[in-house]
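These notes concern the structure reproduced below.
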Amino acid sequence: MTTFVDRVELHVAAGNGGHGCASVHREKFKPLGGPDGGNGGRGGDVILVVDQSVTTLLEYHHSPHRKATNGKPGEGGNRSGKDGTDLVLPVPDGTVVQDRHGNVLADLVGHGTRYIAAQGGRGGLGNAALASARRKAPGFALLGEPGDAGDIVLELKTVADVALVGYPSAGKSSLISVLSAAKPKIADYPFTTLVPNLGVVTAGSTVYTIADVPGLIPGASQGKGLGLEFLRHVERCSVLVHVLDTATLESERDPLTDLDVIEAELAEYGGLEDRPRLIVLNKVDIPDGQDLADMIRPDLEARGYRVFEASAVSRQGLKELSFALAGIVAEARAAKPKEEATRIVIRPKAVDDAGFTVTPEGEGLFRVRGEKPERWVRQTDFNNDEAVGYLADRLNRLGVEEELMKAGARAGDGVAIGPEEDAVVFDWEPSMAAGAEMLGRRGEDHRFDAPRPAAQRRRDRQAEHDEAQQEYEGFDPFE
């Protein structure tokens with residue numbers, strides 16, 4: 001069973017917002033106490049956070065479906081619903097977040113770096129928040145919005161200063177085991193290393209990380225062997241170390257040819273041309289290995305490489321190699337620009353930017369797209385005529401009716417709000433009739449314009465009394 005996974009497809013879903021509450025305050029001796037419906041709670045977010053203690057994506061390989069909790073609905077008595085709990089997912093340092101099409105969404109480097117993979121839905125407003133001077137007691141509330149949901153790809157690119165590359169069984173794992181405290185699997189057969197191994201090396205005052213990349217073979221950049229799976233782990237390194245086997249048992253191979261093959265694969269993969277290279281002639285503790293190292297060293301130096309002879313068994317040349325790598329790593333760190341605090345850039349929208357578009361589609365159909373109209377539609381309870389009238393009022397104030405007229409819409413044409421797969425379609429009338437006009441003009445509630453029943457009964461009794469009084473005063477008993 002694998003214990004290392006560096007690429008997974010994760011299905012994330014944020015929590016839905018809670019619905020608002022439509023409630024009227026009721027208390028003895030206080031009729032029509034006013035609206036007191038609370039707002040719905042916000043849905044929880046799905047957040048990716050870099051955690052140094054996490055080194056693999058194995059957990060998400062076994063459980064790829066993750067969902068945050070929903071917000072609670074509002075309640076009467078101006079009680080707002082509880083917000084949903086955010087779902088925090090720890091990921092290794094160096095994780096790249098992509099969409100399903102390969103577009104990079106975030107590059108998570110550095111402990112504590114956060115990325116919101118799915119945004120929770122807004123909670124709906126209760127009728128207490130919707131009340132105004134003209135709409136004193138709304139008989140509706142807004143629905144909570146659904147949270148974001150979708151698929152993302154997590155790809156781990158190891159964050160290391162030094163990468164050891166070379167043919168299988170070249171001795172990379174042995175070197176990293178003696179240079180650092182790492183304990184990789186070591187055996188006398190090819191492809192012993194199936195996952196990248198990380199080790200920490202201390203050379204003087206410099207501390208750096210070194211990665212052992214699984215063996216490369218010809219065609220690795222096209223998917224042969226294990227190269228394509230793990231070449232991504234050398235992208236972030238500061239220096240590449242070619243580990244050449246000077247005691248190989250394969251007669252058709254030699255160190256110079258191995259170097260040319262690996263360099264060709266790195267060039268085919270791309271993006272590594274500017275990294276400094278070192279050459280390690282490994283296994284010089286074997287007599288034949290030392291003889292071959294003496295033969296090819298002048299050729300390698302003639303190509304411009306710094307060459308080191310090393311042996312993991314006798315520890316020969318390891319100290320010189322570790323300090324040389326420390327010097328290159330220190331130079332690379334010094335050359336990097338200093339990290340600055342993230343600048344927050346505010347780009348306000350233009351004052352006349354309504355934030356929506358009206359597009360004719362076919363005969364007698366117009367589509368409205370925009371953040372506000374689509375959000376308002378999701379928040380509307382279409383089983384409530386008053387809520388539909390409120391939606392019509394908001395769309396009219398935003399300027400949708402005016403834009404429809406400019407686009408050539410006529411009475412009876414279809415208007416779709418939202419994307420094709422999830423749109424609300426209605427027949428448009430210039431007055432934006434939506435069925436709520438029976439309640440009065442948009443923005444008004446005539447239920448409160450009428451007098452209270454008790455007051456009306458008193459007025460009726462007073463009118464009857466006045467009429468009877470007038471008849472009594474005009475009565476003459478002698479006639």
Legend entry - Ordering of 166-175, 271-280, 124-133, 75-84 by packing [mean C-beta count within 10 Å, highest first]: 166-175, 124-133, 75-84, 271-280
Inset, instruction - Write down, largest first, the equivalent ellipsoid semi-axes of segment 18-88 in whole Å, where each equals the square root of 5 times an eigenvalue of the alpha-carbon gyration tensor. - result: 43, 10, 6
Legend entry - Amide hydrogen neighbours beyond the local backbone of LEU105, cut-off 5 Å, H modeled: VAL97, GLN98, ASP99
Inset, instruction - List, in order, the whole-Hz ³J(HN,Hα) value for each residue of segment 356-365 obtained from phi through the Karplus relation with A = 6.51, B = -1.76, C = 1.60 and θ = phi - 60°; use x for Gly and Pro. - result: 8, 10, 10, 10, x, 9, x, 7, x, 9
Inset, instruction - Please calculate the 1.4 Å probe accessible area of VAL153, with all protein chains present, and give it to the nearest 10 Å². - result: 10
Legend entry - Principal axes of segment 250-324: Cα extent on each, largest first, Å: 36, 33, 22
Legend entry - 3J(HN,Hα) from dihedral phi, segment 9-25, Karplus parametrisation 6.51/-1.76/1.60, rounded to Hz, x for glycine, proline: 9, 10, 9, 10, 9, 7, x, 7, x, x, 6, x, 10, 9, 9, 10, 5
Inset, instruction - Quick one: which residues, 5+ away or cross-chain, put their amide H under 5 Å from the amide H of VAL88? H built at 1.01 Å from N. - result: ILE47
Legend entry - Distant-in-sequence amide H partners of LEU10 (H built 1.01 Å from N, under 5 Å): ILE152, VAL153, LEU154
Inset, instruction - Could you please put TRP428, TRP376 in sequence from largest to smallest accessible area, using a 1.4 Å probe? - result: TRP376, TRP428
Legend entry - For segment 38-45, Karplus couplings with θ = phi - 60° (6.51, -1.76, 1.60), whole Hz, Gly/Pro x: x, 7, x, x, 6, x, x, 8
Legend entry - Simple label model, 7 Å out from Cα along Cβ direction - GLU9 to ALA407, nm: 3.5
Inset, instruction - Take the alpha carbon gyration tensor of segment 65-171, find the square roots of its eigenvalues, order them as a ≥ b ≥ c, and report rounded if a/c is under 1.5; if not, report prolate when a/b exceeds b/c, else oblate. - result: prolate
Inset, instruction - Take the Cα gyration tensor of segment 117-183, multiply each eigenvalue by 5, square-root it, and list the three semi-axes largest first, rounded to whole angstrom. - result: 63, 12, 8
Inset, instruction - Distance from a point 7 Å along Cα→Cβ of VAL104 to each backbone N in segment 139-159: keep the residues under 19 Å and list them by number. - result: 152-159
Legend entry - Net lengthening on full extension, ASP422/ASP288 (0.36 nm per residue, minus Cα-Cα): 41.0 nm
Inset, instruction - Could you look at segment 268-333 and say what percent of its accessible area is carbon and sulfur, using a 1.4 Å probe and all protein chains? - result: 51
Legend entry - Out-of-range pairs (alpha-carbon distance over 27 Å; input LYS157/LYS336; LYS157/LYS372; LYS72/LYS136): LYS157/LYS372
Legend entry - Proximal aspartates and glutamates to LYS82, defined as alpha-carbon separation beneath 18 angstrom and excluding residues fewer than eight positions away on the same chain: ASP36, ASP45, GLU145
Inset, instruction - With a probe of 1.4 Å, find how much accessible area segment 247-292 has per residue, and write the answer as a whole number in Å². - result: 50
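The values are calculated or read from the model by the stated rules, or taken from the named source; none is laboratory data. On a predicted model such as this, the values are computed, not experimentally measured, just so you know. Ideal geometry is used to build each Cβ from the backbone, glycine not excepted, and the neighbour counts take in all protein chains shown. The protein model used for the area step is the full one, side chains on, heavy atoms only, and it has no ligands, DNA or RNA in it. Shrake-Rupley method; radii C 1.70, N 1.55, O 1.52, S 1.80 Å.
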